Amino acid sequence: MDEAHPRHPNMAVELALLLLLATLWGASYTFIKLGVATIPPITLIAARTAIAGVLLLMIMRWRGLKMPRDAATWRRFMFQACLNSVIPWTMIAWGERSLDAGLATILNSTSPIFTFLLTLAITRHEALTSRKLLGVAAGMAGICLIVGVQALSGFGEQLTAQIVTLLAAVCYAGAAIFGRGFKGLDPMAPAAGSLLSGAAILIPLSLVVEQPWTLTPSTNSLLALLALAVFSTALAFVIYFRLIQTLGSVGTTAQAYLRVPIGVGLGVVFLGERLSATAWIGLACVVIGVAAMTIPPRKVPARVSP
């Protein structure tokens with residue numbers, strides 16, 4: 001049996017894992033909100049990348065996989081780290097000091113829309129279809145409904161945080177395009193390599209800027225950090241790469257729109273958050289937009305000539 005594409009995956013198990021992945025990534029915004037309550041953003045993300053990177057490295061060793069040792073690959077890991085973790089995760093953590101976790105989930109889930117726009121402008125490897133145009137229009141309408149209302153009331157801390165969280169989604173889009181260049185490596189290698197590279201950048205920055213030895217983080221923040229690193233990062237990556245093998249890359253992207261209502265729901269249940277009526281409409285637009293961008297179109301069976 002081809003190991004990369006099992007012929008008979010148990011679909012019930014794979015779909016349950018897909019839902020679990022969406023939940024883990026949706027929960028990350030709640031964990032970040034709890035973490036930044038007493039841990040500054042750079043220190044929080046430095047610890048997240050270090051813990052998750054070491055855990056993934058241990059899993060790779062257990063699987064008998066080795067990390068590449070050439071400098072060129074590690075330079076690419078470093079660049080990927082900047083786009084995929086160092087910059088966007090720090091931006092999200094900074095934004096969530098004033099934003100609700102649910103709102104951050106909605107704004108940050110727009111990365112598939114920005115990915116498409118960037119590919120259209122730069123690589124042009126995706127076809128422009130009416131469905132994708134509808135997805136972009138719906139997603140952008142959702143963003144305008146959420147951010148636009150805040151913009152009308154002046155350029156305050158909330159609006160700045162919303163713009164920063166959207167810029168994090170643009171970084172994810174760039175990382176998705178750049179990540180296509182890691183062919184030939186086991187998918188877990190770029191994940192572990194970029195996380196360890198991110199930790200190498202963020203730990204010194206944290207020591208200089210935030211002096212973590214002076215902090216007194218709460219138990220809730222420390223537990224949220226551990227959950228963020230172990231479950232929403234390391235475990236989520238392991239599940240993600242398994243699903244890439246069983247459901248394929250297109251099927252796995254379903255988590256992109258599943259995690260939006262999950263992330264918002266977790267913020268409502270565990271943090272007591274409430275979205276405004278405008279934000280709920282924006283949420284619906286974003287989910288429709290992301291779904292249109294990520295759900296594969298049905299293939300029309302070819303007619304057989306009599």
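With a 1.4 Å probe and all protein chains left in place, how much of the accessible area of the chain comes from carbon and sulfur atoms, in whole percent?
Roughly 68 percent of what the probe reaches on the chain is carbon or sulfur.
Could you point to the residue in Ile288, Val209, Ser194 farthest towards the positive end of segment 157-306's charge dipole, with +1 and -1 charges on the Cβ of Lys/Arg and Asp/Glu respectively?
Ile288
Rounded if a/c is under 1.5, else prolate if a/b is larger than b/c, else oblate: which is segment 46-98, with a ≥ b ≥ c the root eigenvalues of its Cα gyration tensor?
oblate
Take segment 186-306, compute every pairwise Cα distance, and split them into 5 Å bins from 0; I just need the percent in each bin.
Percent of Cα pairs in each bin: 2, 8, 10, 14, 15, 15, 15, 10, 5, 2, 2, 1, 1, 0, 0, 0.
Pop out the ³J(HN,Hα) list for segment 224-234 in order, Karplus 6.51 cos²θ - 1.76 cosθ + 1.60 with θ = phi - 60°, rounded to Hz; leave Gly and Pro as x.
Rounded to whole hertz, the list is 5, 4, 4, 5, 4, 6, 6, 8, 7, 10, 5.
When only C-alpha pairs under 8 Å and at least 6 residues apart count, what is the relative contact order of segment 1-119, in percent? Display every interim value, and only then the final one.
Details: 40 pairs, mean separation 48.0, N = 119.
Over segment 1-119, the number comes to 40 percent.
Evaluate Rg over Rh across segment 95-144, taking Cα atoms for both radii and Kirkwood's formula for Rh.
1.08
Rg (Å, one decimal) plus Dmax (Å, integer) for the alpha carbons of segment 187-249?
Taking only Cα atoms of segment 187-249, I get Rg and Dmax of 15.2, 46 Å.
Would you work out which of Leu159, Thr73, Gly148 lies farthest towards the positive end of the dipole of the chain? Charges go on Cβ: Lys and Arg +1, Asp and Glu -1.
Thr73
Which loop trypsin sites (Lys or Arg not before Pro) in segment 14-106, with loop taken from DSSP, have no more than 13 other Cβ atoms within 10 angstrom of their Cβ?
Those satisfying the criteria are Arg63, Lys66, Arg69.
Does segment 1-136 come out rounded, prolate or oblate by the C-alpha gyration tensor, with a ≥ b ≥ c the root eigenvalues, rounded set by a/c under 1.5 and, if not, prolate when a/b is larger than b/c and oblate if not?
On the way: a/c = 1.31, a/b = 1.05, b/c = 1.25.
In terms of gyration-tensor shape, rounded.
Which of Pro9, Ile177, Thr278 sits closest to the plus end of the dipole of the chain, meaning its Cα is farthest towards the positive end, when Lys and Arg get +1 and Asp and Glu get -1 on the C-beta?
Result: Pro9.
What FRET efficiency do you get for Thr278 and Val209 if R0 is 41 Å and r is their Cβ-Cβ distance, rounded to the nearest 0.05?
Efficiency at R0 = 41 Å is approximately 0.70.
Could you give log10 I(q)/I(0) at q = 0.07, 0.10, 0.15 Å⁻¹ for the chain, computed by the Debye formula over C-alpha point scatterers of equal weight, without solvent?
Treating every Cα as an identical point scatterer, log10 I(q)/I(0) equals -0.27, -0.56, -1.28.
Mind ordering 257-268, 167-178, 12-23 by average Cβ neighbours within 10 Å, highest first?
Taking the mean over residues of other Cβ atoms within 10 Å, the ranking is 257-268, 167-178, 12-23.
Treating only the Cβ of Lys, Arg, Asp and Glu as charged (+1, +1, -1, -1), what charge dipole size does the chain show about its Cα centre? Round to the nearest 20 debye.
820 debye
Could you tell me the number of lysine pairs in the chain with C-alpha atoms less than 29 Å from each other, where the two lysines are 8 or more residues apart or belong to different chains?
Eligible lysine pairs with Cα atoms under 29 Å apart amount to 4.
The values are calculated or read from the model by the stated rules, or taken from the named source; none is laboratory data. It should be emphasised that the depicted structure is a prediction, and the values quoted were computed from it without experimental measurement. For neighbour counting, all protein chains shown are included, and Cβ atoms are generated from backbone atoms with ideal geometry for every residue, glycine included. The area values use the complete protein model at the heavy-atom level, side chains included, leaving out ligands, DNA and RNA. Shrake-Rupley method; radii C 1.70, N 1.55, O 1.52, S 1.80 Å.
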